[in-house]
Amino acid sequence: MESSVVSINNVTFSYQERPVLEKINLDVPEGSFLALLGPNGSGKSTLIKLLLGLLPLHQGSIHLFGENVKKFRAWHRIGYVSQKANSFNSGFPATVFEVVSMGLFGKIGMFRFMKKSHKQRVMQAIQTVGLDEYTNQNIGELSGGQQQRAFIARALVSDPKLLILDEPTVGVDASSVDDFYELLKRLNREHGITLVLVTHDMGPVTDLVTHVACLNKRLHFHGDTHEYENMDNRELSSFYGHPVHAMDHQHD
Amino acid sequence: MIADFLQYDFIRNAAFVGLMIGFLAPLLGVFIVVRRQALIADALSHITLAGIAASLLISKQIGAFKMLNPVYLGMAFSVTGSVLIERLRKEYKHYQELAIPIILSVGIGLSVVFISLANGFNTDLFNYLFGSIIAVDSSDVWMVLSILVVVTIAIVLFYKELFLLSFDEDQAQVAGIRSRFIQFLFMVMVALVIAASMRIVGILLVSSLITLPVAASIRIAKGFKQTIWIAILFGETAVITGLFTAYYFDLAPGGTIVLLSALILIIVITWKKYRYAFQRSKEA
């Protein structure tokens, strides 16, 4: 238990009457890289929102770094790159520097200002994701892949131990996706950051992640990558609710 | 010519108030525009009008009420309106923009009822609608000055929170920012600034001073802070030249200021286009 960054116990959640998540149990060990896999509408984003305290939890419990999510305050230990990050208002007049600084605001706290040391950390985070030369560019002028890197830097700047990415490659051009995953791998292996990657496409990340969790209302599979690869088509089909050969993204 | 311009008290008052609102309106405007809420200013200015009409109506009945600057009741209405807009936005989560036409029409409805109850007003109301240089007195200067001080301090103190909230509400929540409180505070500031700007530009034109300089600035600025500074520069330019022009040609200051803001916007857009074309031809 101690080495779990996230532990989800018996979580059930419904939007109004419609059940979205049923009895989810999931542990994320420290230093692991988990792919949270599921078709659209499978409750992945809902689970993440519960985890971040963005939705109220009524049934079951979630612990972050051993502390109940309802009492958790150390949000700077968690970096979050939302799905919305790639559909943000791209006309927003903010430089990469300004966007990345936002990641520190929670840590700096109310009635306090950014100091020189904060600015240095922002620059460091920008360097980590390789956007140095775009520091003073408006975020809207960057490519999709670069924008996503800026959002990663924003999540990194508060020095998080856990980084959660919700479908981060949607809208990112294919050529930058590889670089992007390379960056995630480096963050996990070299910086020791625990990663949770929400995705509906396992293909490109199979070699990257250490653990896989398949979610479709219920948790259908949870194990390391090796076990996942040994799962046969029948099991995969039961997870998607219909025969599966290639990935099908037409779910509601 | 400038000395001549400033030799009258009323012009000096108007110039002071103009300088202050030329700073305040675009400052808040940047936060409003990037959140795509540009029309909120319109809704609030119309509810302010209802407050002013109410105040003028009361002072027609009760003589002692004449001592009170009608802007205060306008401000009270405007702050109430801002709270109501927030409530309505919660009520209609998927149709948040509905709050604006609702408050706007209620504002006009109330104003018209108050005006008809009073059997019409004299030129006073006209000044509030379209702005006036002559109508600004020293009590207005002090009122706007206090709003300037309060709002500027609040923006400096809550800059981080306002910026983050404007950019990404989810992230703001994850960062542990008390978004409801900040949002409420911001709406109150907008209500105050609208009431403050009204004397000079008039209720019907207040929102233009909030949005036009920002619309121009956003085209050319790099980053959020720069957007704010350039918007303020444009706002001040429009207000100062507008007041000057209005005085010499005996025009309504509100309209003049708005037209000058629009002129700045056109220049900026054209310049941007021209520069872009120029760069393209150089590359080719």
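The values are calculated or read from the model by the stated rules, or taken from the named source; none is laboratory data. These numbers were taken from a predicted model, which means no experiment stands behind them. Methodologically, a virtual Cβ is constructed for each residue, glycine included, from the backbone with ideal geometry; neighbour enumeration extends over all protein chains shown. Protein only, heavy atoms only, side chains kept; ligands, DNA and RNA dropped before computing areas. Shrake-Rupley method; radii C 1.70, N 1.55, O 1.52, S 1.80 Å.
Taking label points 7 Å from Cα along the Cα-to-Cβ direction, residue A:201 and residue A:114 give a separation of 3.4 nm.
Mean residue ellipticity, 222 nm, helices only, chain B: the sum of -39500 (n - 2.57) across DSSP H runs of n ≥ 4, divided by residue count and rounded to 500, is -27500 deg cm²/dmol. Summary: within chain A, the longest segment free of GluC sites (Glu not before Pro) located in DSSP loops with at most 12 other C-beta atoms within 10 Å is A:18-189.
Can you tally the lysine pairs in chain B where the Cα-Cα distance is under 21 Å and the two residues are eight or more apart, or on different chains? Mind dumping the intermediate values first?
Working: B:160/B:222; B:160/B:225; B:222/B:272; B:222/B:273; B:225/B:272; B:272/B:282; B:273/B:282.
The number of close lysine pairs in chain B is 7.
The heavy atoms of residue B:12 offer some 90 square angstrom of accessible surface to a 1.4 angstrom probe. Rounded to whole numbers, the Karplus 3J(HN,Hα) couplings from phi for the range B:23-38 are 8, 5, 4, x, 4, 6, x, 4, 5, 5, 5, 5, 8, 6, 10, 3 Hz, using 6.51 cos²θ - 1.76 cosθ + 1.60 with θ = phi - 60°, and x at Gly and Pro.
For the range A:121-144, the residues whose amide N sits under 18 Å from a probe point set 7 Å from the Cα of residue B:229 along the beta carbon direction are A:135-139.
Which residue fluctuates the most in chain B, going by a Gaussian network model with Cα springs under 10 Å, if the choices are B:211, B:270, B:227? Result: B:270 has the largest fluctuation of those listed.
Measuring with a 1.4 Å probe in the full set of protein chains, what accessible area per residue, in whole Å², belongs to the protein assembly as shown?
Details: 24870 Å² over 536 residues.
Roughly 46 Å² per residue, with all protein chains present.
For chain A, the longest principal axis of the C-alpha atoms and the axis of helix A:144-156 are separated by about 80°. For residue B:282 and residue A:90, a Förster radius of 25 Å and the Cβ-Cβ distance give a FRET efficiency of 0.45, rounded to the nearest 0.05.
For a Förster distance of 30 Å, can you work out the FRET efficiency between the beta-carbons of residue A:174 and residue A:141, rounded to the nearest 0.05? If you can, show how the numbers build up before the last one.
Numbers: r = 21 Å, r/R0 = 0.69.
Once the sixth-power term is evaluated, E becomes 0.90.
Taking a ≥ b ≥ c as the square roots of the Cα gyration tensor eigenvalues, with a/c under 1.5 meaning rounded and otherwise prolate when a/b beats b/c, else oblate, which class fits the range B:178-284? Judged from the Cα gyration tensor, the range B:178-284 comes out oblate (a/c at least 1.5, b/c at or above a/b). Take the solvent-accessible surface of the protein heavy atoms, probe 1.4 Å, and return the percent of it on chain B that carbon and sulfur atoms account for. On chain B, the fraction of accessible area on carbon and sulfur atoms equals 68 percent.
Rounded to the nearest 10 degrees, what's the angle between the helix A:116-128 long axis and the longest principal axis of chain A, both from Cα atoms, 0 to 90? Long axis of A:116-128 versus the principal axis of chain A: about 50 degrees. Taking a ≥ b ≥ c as the square roots of the eigenvalues of the alpha-carbon gyration tensor, chain B is classed oblate because a/c is 1.5 or more while a/b is no larger than b/c.
Return the value, in Å² to the nearest 100, of accessible area buried between chains A and B (probe 1.4 Å, both sides summed).
Details: alone 13000 and 14520 Å², together 24870 Å².
Buried: approximately 2600 Å² between B and A.
For the range B:100-204, rounded, prolate or oblate, judged on the Cα gyration tensor with a ≥ b ≥ c (square roots of eigenvalues), a/c < 1.5 rounded, else prolate if a/b > b/c? Verdict is oblate for the range B:100-204.
Loop only per DSSP, at most 10 neighbouring Cβ atoms within 10 Å: give me the chymotrypsin sites (Phe, Trp or Tyr not before Pro) in the range B:48-146, ordered by residue number.
Numbers: sites: B:65, B:72, B:77, B:92, B:95, B:114, B:121, B:126, B:128, B:130, B:142; in loops: B:92, B:95, B:121.
Counting only loop positions with at most 10 other Cβ atoms within 10 Å, the chymotrypsin sites (Phe, Trp or Tyr not before Pro) in the range B:48-146 are B:95.
Assuming R0 = 41 Å, what is the FRET efficiency of residue B:180 and residue A:10, from their Cβ-Cβ distance, to the nearest 0.05? Show your work: numbers first, answer last.
Values: r = 31 Å, r/R0 = 0.75.
Working from the Cβ atoms, E equals 0.85.
Placing a pseudo-label 7 Å from each Cα along the Cα-to-Cβ vector at residue A:227 and residue A:127 gives an inter-label distance of 4.1 nm. Inter-chain Cβ neighbour count for B:214-223, averaged per residue, equals 3 (cutoff 10 Å, partner chain atoms only). Residues in the range B:124-149, backbone N under 18 Å from the label point at residue B:67 (7 Å along the Cα-to-beta-carbon vector): list them, ranges by number please. Answer for the range B:124-149: B:138-140, B:143.
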